[in-house]
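Structure first, then comments.
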Amino acid sequence: MRIALGQINTTVGDLSGNVDLMVRYVGRAVAGGAEIVVFPELSLTGYPPRDLLEKPSFVERAGIELKRLAEETSALDITIVTGAIAPSPASSGKSVVNCAVVLRGGRTLFTQHKMLLPTYDVFDEARYFLPAERQSIVELAGQRVALTICEDAWNDKQFWERRLYRRDPVEELAAAGAKILISINASPYHMGKRELRREVFAATAHRYGVPLVYVNQVGGNDQLVFDGSSFALDADARVIASARSFAEDLVFVDTETGQGDLHEDLADEPEAVYEALATGTRDYIRKCGFQRVLIGLSGGIDSSLTAAIAVDAVGRENVTGIAMPGPYSSDHSLTDARSLAEGLGIRFEVVSITPVYEKFLEVLVPLFAGAPKDVTEENLQARLRGVTLMALSNKWRALVLTTGNKSELAVGYCTLYGDMCGGLAVISDVPKTLVYDLSRVANRRHPGAIPESVFTKPPSAELRPDQKDSDSLPVYEVLDRILHACVEEYEPLPRIAAEQNLPVELVRDIVNKVDRNEYKRQQAAPGLKVTTKAFGMGRRFPIAQRFSE
């Protein structure tokens, strides 16, 4: 079979737009001689549609648009496989099913319902969908095909030490005589995920001795970024076709000859993370209806990286950097911020917060009487910067991008309604040590834009004289190791201390800081997920709780 892998970027809820996109790709697939074109999971609705699925009007319109897709491609000599929803066939509390639909000649030839519904990390599919009780082989272009939907192909008992589900749809379909496996997916990116997918599906192809086609969604939807990276394997598990990462693509493969297009790129993981952040930022801005963005430029590494990503996401003409020096800002902070703006070619403005800060303190003197200076005065500076950015955001109709990293957010080294103000937290899932690696990637793309002094100077919030981050926190190389162990691996405190050869008291202090600052994170702007466990929709801890390490 000559199959076209339609790796597309859909928008959640844009039912007509998603159909229009698929119609265009169907035309291209026909022009390329494909017998079958395959689109990702839930291409009709976009993924994840979440509580839109509970709206009867949404489900009804999805059905209407699916019929339109069939009608508008009815005259074309090609079979279409796409992800869609359908009303639940059972009288249960779940009103819809997640399905793969086969269209040809204006008709629906076959529908396969998803059986395994993930409920871990960012997934919540059992909340909405009724699982399939059984699945069937479908004949496409004379071949017996096992058609699966994402999680259905991720439960191989020979690959995983502990499986999440009792049944394995691929095993059952292979036993029924499938000669090729087609898997449609909406699999979000995190570091290492692309390699993991290849390993999982290579094990499947090798085990059953059949060719395999894997088609994944691409693009950003809220906090999730989908890398695409679709591929095809022959019966010996060799890659015979591959799509680009973080870009729409159309890839052709012939499962009989074992020949296909190879569009692989971004083998370096820091490059992939950077591209994931640029993709997620671009799609969040565009899909939310914005065009321009604002960034508070402090002259530090975090805001510098965020600005570079923004330029790659929406273009330098749509990015403005605002420097907001205060009473404790160093001269090099303003110099480095200006140099960065010039290197990136973005608009740059300076708004000093010092006069307003002094006036605020004057007004508050009667109420602060007798109280020593503390973090209150520091937070006031951060909040004045937040007010400044939000005022410009309103006036210029530009989205504010926050610049805090994962390390700071984890331990609460950030100010509510201050540096946390904004619509998207671009690097909130990027540990501080990774920020430096990604900034080197930024400088390869924008040569010399981030001054070398930004890489070498000690990190500082500059909210009091001679302040350094290390005054309040361990050095980031140590802090990030602790945070990875407790946030992403959920390792117990004594094991972290022993494995990292660190004092138990230090580890306990950091772990408790993580727990105590949940209230801040739940008020933060949404961030883009690039690690295995991000703060946000995939991490659900209570705020009012008393468990402590």
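Just so you know, all these numbers are worked out from the coordinates, no wet-lab data involved. Predicted model only: the values in this text are computed from it and were never measured. Heads up, the Cβs are rebuilt from the backbone with ideal geometry, glycines too, and the neighbour counts pull from every protein chain shown.
Some notes on this structure:
- For the chain, the longest piece that avoids every one of the chymotrypsin sites (Phe, Trp or Tyr not before Pro) found in DSSP loops with at most 14 other C-beta atoms within 10 Å covers 161-416.
- Sorted by Cβ density within 10 Å, fewest first, the residues LYS529, LYS395, LYS432, LYS193: LYS395, LYS193, LYS432, LYS529
- Put the Cα centre of the range 214-255 next to the Cα centre of the range 505-549 and the gap is 33 Å.
- Here the simple spin-label model places points 7 Å from the Cα toward Cβ, and for ARG61 and ASP331 these points are separated by 5.9 nm.
- Alpha carbon centroid spacing (whole Å) that separates the range 340-382 from the range 64-111: 57
- Farthest toward positive dipole pole in the chain [+1 Lys/Arg, -1 Asp/Glu at C-beta], among VAL435, GLY220, ALA243: GLY220
- Normalised by 2.2 N^0.38 Å, where N counts its residues, the alpha-carbon radius of gyration of the range 249-367 equals 1.57.
- Unsatisfied cross-links (Cα-Cα over 21 Å) in the set LYS373/LYS468; LYS94/LYS114; LYS114/LYS529; LYS55/LYS193: LYS114/LYS529; LYS55/LYS193
- Between SER352 and ARG107, the C-beta separation translates, for a Förster distance of 41 Å, into a calculated FRET efficiency of about 0.05.
- Of the three principal axes defined by the Cα atoms of the chain, the extents in descending order read 83, 51, 45 Å.
- Seen against the Cα atoms of the chain and their longest principal axis, helix 193-208 is set at about 20 degrees.
- Projected label distance in nm at GLN467 and ALA498, using a 7 Å step from Cα toward the beta-carbon: 3.9
- Between the range 394-460 and the range 278-306, the C-alpha centres lie 10 angstrom from each other.
- Here the range 287-469 has an Rg and Dmax of 16.0, 53 Å, counting Cα atoms alone.
- Cβ-Cβ distance of ARG207 and LEU164, R₀ of 22 Å, FRET efficiency by 1/(1 + (r/R0)^6): the value works out to about 0.75.
- Computed from Cα atoms, the angle from the helix 432-445 axis to the main principal axis of the chain rounds to 70 degrees.
- Beta bridges per DSSP, both residues in the chain: antiparallel share near 55 percent.
- Nearby aspartates and glutamates by direct alpha-carbon distance to LYS157 (threshold 16 angstrom, same-chain neighbours under 8 apart not counted): ASP168, GLU171, GLU172, GLU199
- Note on GLU342 and ASP515: their simple-model spin labels are 5.0 nm apart, each label 7 Å out from Cα toward Cβ.
- P(r), alpha carbons of the range 12-89 - 10 Å bins starting at zero, rounded %: 19, 52, 24, 6
- Built amide H within the under 5 Å cut-off of GLN259, gap 5+: ASP254
- Contour excess over end-to-end distance, with Cα ends at GLU477 and ALA544 and 0.36 nm allotted per residue: 21.1 nm
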